[in-house]
Structures are given as structure tokens and as C-alpha cells.
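The values are calculated or read from the model by the stated rules, or taken from the named source; none is laboratory data. All values reported here derive from a predicted model rather than from experimental measurement. Cβ atoms come from the backbone with ideal geometry, glycine included; neighbour counts cover every protein chain shown. The protein model used for the area step is the full one, side chains on, heavy atoms only, and it has no ligands, DNA or RNA in it. Shrake-Rupley method; radii C 1.70, N 1.55, O 1.52, S 1.80 Å.
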Amino acid sequence: MAMTLRLPEDLDRKLEALAAARGTSKHALVVEGTRMLVDLETKTDIVIEVAASVRARYADLLKRLEDA
């Protein structure tokens, strides 16, 4: 899907320099960065869900350890 992205001038200059240094396009860097952010957020959500499940499953044990 097409999208217009307006960046602050300083960020655009840094992105341009990074793209040149890596021998790639600004577009490729934006896609890569977006993918990394989405992956990170997704993993964070999974970890939170697992932690909540563990806490619920072992609530009695955790309470006994807390009181020990």
C-alpha cells in the first residue's frame, strides 16, 4: 500500500546519511525499522501474556514464597 511519509528535516538527513553508508535506500531503512518495531512490540505482548498466565497458574506457590 502506498503511503506518504513526512519526516522532520534533521531525521531525513540522518536517514539519508545512513542509507548512503549502508548502500541502500531510505525506503528500505524505513521498512526495516518499522518491521523491527512491530516485531519488538509483538514479542513484548507475548511476554506479558505468558507472565500473566504463569502468575495465575502459580499464584498459590508465589504467595507461599512471598510469605516464606
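Miscellaneous remarks
- Difference of contour (0.36 nm per residue) and Cα-Cα distance, L61 to T4: 15.3 nm
- Carbon plus sulfur fraction of accessible area for the chain, probe 1.4 Å, in percent: 60
- For L7, no residue 5 or more places off, or on another chain, has a built amide H under 5 Å of its own.
- Distance (nanometres) between label positions extended 7 Å along Cα→Cβ at L37 and L18: 1.1
- Answer label, with Cα extents along the principal axes in Å calculated from the coordinates and candidates (1) 30, 27, 21; (2) 35, 22, 20; (3) 58, 28, 22: (3)
- To the nearest ten degrees, helix 26-57 and the longest principal axis of the Cα atoms of the chain are 0 degrees apart.
- Accessible area per residue in Å² at 1.4 Å probe, computed on the chain: 93
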